[in-house]
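Got a structure for you, written out below as structure tokens; questions coming shortly.
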Amino acid sequence: MALRINDVVPDFTADTDQGEISFHDWIGDSWAILFSHPKDFTPVCTTEFSAVAQLADEWAARGTKVIGVSVDGVEDHKKWKEDIATYGNAPAGFPIIADSELKVSKLFDMLPAEAYLPDGRTPADSATVRSVFIIGPDKQLKLSMTYPMTVGRNFAEILRALDGLQMSGKGVATPANWVPGEDVIIPPTVSNEDATAKFGEFETIFPYLRKTKAPE
């Protein structure tokens, strides 16, 4: 069964290029983002992991750990990281899970249970391992998105989504195209009286759509 929003994500133990991890312990009290890739040394994935490396300060500012997963081994990951760092001109300080047995890919429903890696495989054999999972400190899945191999992921959108999720934890919602600093939405379940007590002034556009300044 596919993972759904607010499901507790699977826990697992796996080897990475930085040693063995237990996933829930690794997350700890942080937010976490799991980026999956179908194969090392592939062009789109190299540009994506370089983008992740370049955003190291942004992840840290949001209390968020990032981790990759690819269905190749530790030694390949270590060699691939050299290309990632060269392309992005930034060190790839995050771990990459070695998922050669497809355990993580199957746990997160990126591959069917009966999937296997044939001899001489190509990235097409694991093409569906192209997902992003944003996970809260409570170990629950907060957001997921999946891309085809031909479309590079938009990391400005992933950061924006992370900001929106962290903002929504303050009892509000975010409108379309929201970015930090813009007004937020008061949930319809909050009465006008309670909205005034909690947020102060707010704008009523429709009875069900009220906006207010983002809480600190």
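Bear in mind that the values in this text are calculations on the coordinates, not laboratory data. Please read these numbers as outputs of a predicted model, since none were measured by experiment. Because the Cβ atoms are built from the backbone with ideal geometry, glycine has one as well, and the counts that use them run over all protein chains shown.
Taking amide hydrogens as modeled 1.01 Å from N in the peptide plane, which residues meet the under 5 Å criterion relative to LYS65, leaving out close sequence neighbours?
Close amide H contacts, sequence-distant or interchain: TRP31, ALA32, ILE33.
Measure of size requested: the Rg and Dmax of region 1-86, with Cα atoms as the atom set and Å as the unit; please supply both.
That works out to 13.6, 39 Å for Rg and Dmax.
Moving on. Measure off 7 Å from each Cα along the Cα-to-Cβ vector at HIS24 and MET145, then give the distance between these two points in nanometres to one decimal.
2.9
Putting +1 on Lys and Arg Cβ atoms and -1 on Asp and Glu Cβ atoms, find which of PHE94, LEU165, GLY28 reaches farthest to the positive end of the dipole of the chain.
Final value for the positive-end residue is LEU165.
Still on this structure, I have one more. Restricting the calculation to Cα positions, tell me the Rg (one decimal) and the Dmax (whole number) of the chain in Å.
Reported Rg and Dmax, both Å: 19.4, 65.
Once you put a point 7 Å from the Cα of ARG62 and another 7 Å from the Cα of GLU101, both along the Cβ direction, what distance in nm separates them?
It works out to 3.2 nm between the two label points.
Report, in listed order, any pair from LYS103/LYS170; LYS139/LYS211; LYS79/LYS103 with a Cα-Cα distance greater than 25 Å. Before the final figure, lay out each step's value.
On the way: LYS103/LYS170 35 Å; LYS139/LYS211 30 Å; LYS79/LYS103 22 Å.
Distance filter (> 25 Å) returns LYS103/LYS170; LYS139/LYS211.
Please list, in order along region 25-32, the HN-Hα scalar couplings obtained from phi with the Karplus expression 6.51 cos²θ - 1.76 cosθ + 1.60 (θ = phi - 60°), rounded to whole Hz, x for Gly and Pro.
Couplings: 5, 5, 5, x, 9, 8, 6, 8 Hz.
Contour minus end-to-end for LEU165 and ASP138, with contour as 0.36 nm per residue of separation and end-to-end as the Cα-Cα distance? Let's see the in-between values first.
Numbers: separation 27, 0.36 × 27 = 9.72 nm, distance 1.31 nm.
Length difference between fully extended and current span is 8.4 nm.
Hey, another quick one. Which value, in Å³ per residue, describes the convex hull spanned by the Cα atoms of region 175-216? Could you put the intermediate results ahead of the total?
Values: hull volume 2.9 nm³, N = 42.
Per residue, the Cα convex hull of region 175-216 comes to 70 Å³.
Among the aspartates and glutamates, which have Cα under 19 Å from the Cα of LYS213 when same-chain residues fewer than 8 positions away are ignored?
Counting by Cα, and skipping residues close in sequence, LYS213 has these aspartates and glutamates nearby: ASP163, GLU182, ASP183, GLU193, ASP194, GLU201, GLU203.
Also, quick follow-up: Based on the alpha-carbon gyration tensor of region 144-216, what equivalent-ellipsoid semi-axes (square roots of 5 times the eigenvalues) come out, in whole Å, largest first?
On the way: eigenvalues 172, 27, 20 Å².
Largest first, region 144-216 gives 29, 12, 10 Å.
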